[in-house]
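Notes follow once the structure below has been shown.
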Ligand SMILES: [Zn+2]
C-alpha cells in the first residue's frame with residue numbers, strides 16, 4: 001500500500017497519507033491547503049503501481065475490485 005509524504009506549500013507542514021483512492025483530495029491537516037509537494041516515502045515506496053492482493057480478502061465476501069474483474 002503506497003504511503004506518500006507531502007510537504008504543504010503554504011505552511012511547510014509535513015504529513016503522510018496512505019493513498020487508497022487516487023482521486024481523493026489530499027489536504028494539509030494543519031491549514032487545509034490542497035497545495036503540496038509530494039515526497040517519496042522511504043519505507044513504503046509504491047511498487048511500480050502493481051496491484052497487491054491482500055490475503056485477507058480471499059475468503060470473505062469482499063472483492064478486490066468491485067467483483068467485475070474475474071480475478072478469483
Ligand atoms: Zn499547510
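For the range 1-16, the residues whose amide N sits under 17 Å from a probe point set 7 Å from the Cα of residue 37 along the beta carbon direction are 4-16. Label positions at residue 10 and residue 24, each projected 7 Å from the Cα along the C-beta direction, are separated by 2.0 nm.
Computed from the coordinates by the stated procedures, all read-outs in this text should not be read as laboratory data. Note that the structure is a prediction, hence the values are computed from the model and not measured. Note that we place each Cβ from the backbone using ideal geometry, even for glycine, and neighbour counts take in every protein chain shown.
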